[in-house]
């Protein structure tokens, strides 16, 4: 295998690593591009004291840490303030805010076992929680708990001591326990219940069946819509939002299933006056055995091509 092919085989994993650090797919792609540029320039001095893969991760981590010195953490609306209750009083979209972005699973390794192995560390709730950690704590936790590096390896990369790495890891784990949902809280239903829940959810949206939608949501469900800062907490307030904002009748929207952050997702297309369906939002629902416990609906048409999806869809004649 030549060097170019060896670099290329790690690209998806490196993008996922940088995404965990930065919370943005666009920033992660930029970081990986810079990683490869530095690797090409520095390969003559690479003494192969580690694998090429480890060497690339070292470069990428340093680039992410440097980037985090100059940027704000990526957030979700629920991290910014109390929920709203009035769907007619939505705050204007904060387009320039540093919002968390979804991650297209198509960028991951094609190996199903590897995809399953990275699911939990890529879940939106987990990545959102990581954003609350100081950058070096974030790096330590990802290197140790996701990449399974030894404490000495992480200490060498961060130019610190093993004791400092272990202390930082303890603090990061404690903070994640406080911020991130417990594992059992995002335990999805088994097949075929999972498949039935997804089908019912998509069908209810396409038909604007509000009664069915209400039955699919958990009592404590949460609805967030970046870049709109307003978010809604609890089934009654979420249903008040959906009742006010969903255009009634069938044929108003199309739900196209995809996958983001190791979770099922839907690309939502809305019918325009021209009869075509236009990109509206990318919904990432959190499924539990009790129903849909949260939805992050990213109202950004520019995300669709990153998921291999067109901006517009035209009805078949």
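The values are calculated or read from the model by the stated rules, or taken from the named source; none is laboratory data. Keep in mind that what you see is a predicted model, and the values were worked out from it rather than measured. For neighbour counting, all protein chains shown are included, and Cβ atoms are generated from backbone atoms with ideal geometry for every residue, glycine included.
Scanning the stretch 229-247 finds no residues that are under 19 Å from residue 104 (Cα atoms) and assigned to a strand (DSSP E or B). Among all residues of the stretch 147-164, there is at least one that is within 29 Å of residue 294 (Cα to Cα) and surrounded by fewer than 20 Cβ atoms within 10 Å (Cβ to Cβ).
For residue 263, the criteria (1) within 26 Å of residue 127 (Cα to Cα); (2) modelled with pLDDT under 95; (3) surrounded by fewer than 17 Cβ atoms within 10 Å (Cβ to Cβ) hold in every case but one, which is (3). Take residue 113 and decide whether it is over 14 Å from the mean Cα position of the chain (by Cα), surrounded by 12 or more Cβ atoms within 10 Å (Cβ to Cβ), at pLDDT below 85 and under 30 Å from residue 257 (Cβ atoms). No, not satisfied.
Residues are listed down the side, and each one gets a yes or a no for (1) modelled with pLDDT of 95 or more; (2) in a strand (DSSP E or B); (3) out of contact with any helix residue (DSSP H, G or I) (no Cβ under 7 Å at 6 or more places or on another chain); (4) on the phi > 0 side of the Ramachandran plot:
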site	(1), (2), (3), (4)
4	no, no, yes, no
7	no, no, no, no
13	no, no, yes, no
29	yes, no, no, no
37	no, no, yes, no
41	no, no, yes, no
50	no, no, yes, no
73	no, no, yes, no
92	no, no, yes, no
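Scanning the stretch 264-317 for residues that are assigned to a loop (DSSP other than H, G, I, E, B), free of Cβ contacts under 8 Å to residues at least 24 places away in the same chain and either within 15 Å of residue 198 (Cβ to Cβ) or touching a strand residue (DSSP E or B) at 6+ places or on another chain (Cβ under 6 Å) (or both) gives a single hit, 272. Annotation note: of 181, 189, the sole residue that is touching a helix residue (DSSP H, G or I) at 6+ places or on another chain (Cβ under 8 Å), at pLDDT 85 or above, surrounded by 15 or more Cβ atoms within 10 Å (Cβ to Cβ) and under 20 Å from residue 221 (Cα atoms) is 189.
Select from the stretch 216-232 the residues that are more than 19 Å from residue 281 (Cβ to Cβ) and touching a strand residue (DSSP E or B) at 6+ places or on another chain (Cβ under 8 Å) and list them in ascending order. Working first, answer last.
Keep residues of the stretch 216-232 that are more than 19 Å from residue 281 (Cβ to Cβ), which gives 218-220.
Across the stretch 216-232, the qualifying residues are 218, 220.
The one condition from (1) without any contact (Cβ under 8 Å) to a residue 12 or more places away in the chain; (2) in contact with a strand residue (DSSP E or B) (Cβ under 8 Å, 6 or more places away or on another chain) that residue 199 does not meet is (2).
Looking at 55, 99, which is the one that is at negative phi, at pLDDT 95 or above and surrounded by 16 or more Cβ atoms within 10 Å (Cβ to Cβ)?
99
Residue-by-condition table, conditions (1) crowded, with 22+ Cβ neighbours inside 10 Å; (2) over 22 Å from residue 95 (Cα atoms); (3) at pLDDT 95 or above; (4) touching a helix residue (DSSP H, G or I) at 6+ places or on another chain (Cβ under 6 Å):
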site	(1), (2), (3), (4)
227	no, no, yes, no
240	no, yes, yes, no
249	no, yes, no, no
275	no, yes, no, no
299	no, no, yes, no
303	no, no, yes, no
315	no, yes, no, no
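When residues in the stretch 58-71 are screened for being at pLDDT below 90 and either within 18 Å of the chain's Cα centre (by Cα) or surrounded by 16 or more Cβ atoms within 10 Å (Cβ to Cβ) (or both), 0 of them pass.
Only residues that are within 17 Å of residue 200 (Cβ to Cβ), crowded, with 16+ Cβ neighbours inside 10 Å and touching a helix residue (DSSP H, G or I) at 6+ places or on another chain (Cβ under 8 Å): list them for the stretch 251-260, please.
Our first condition is that a residue be within 17 Å of residue 200 (Cβ to Cβ); within the stretch 251-260, this holds for 253-257.
Subset that is crowded, with 16+ Cβ neighbours inside 10 Å: 253-256.
Listed by number, the residues that qualify are 253, 254, 255.
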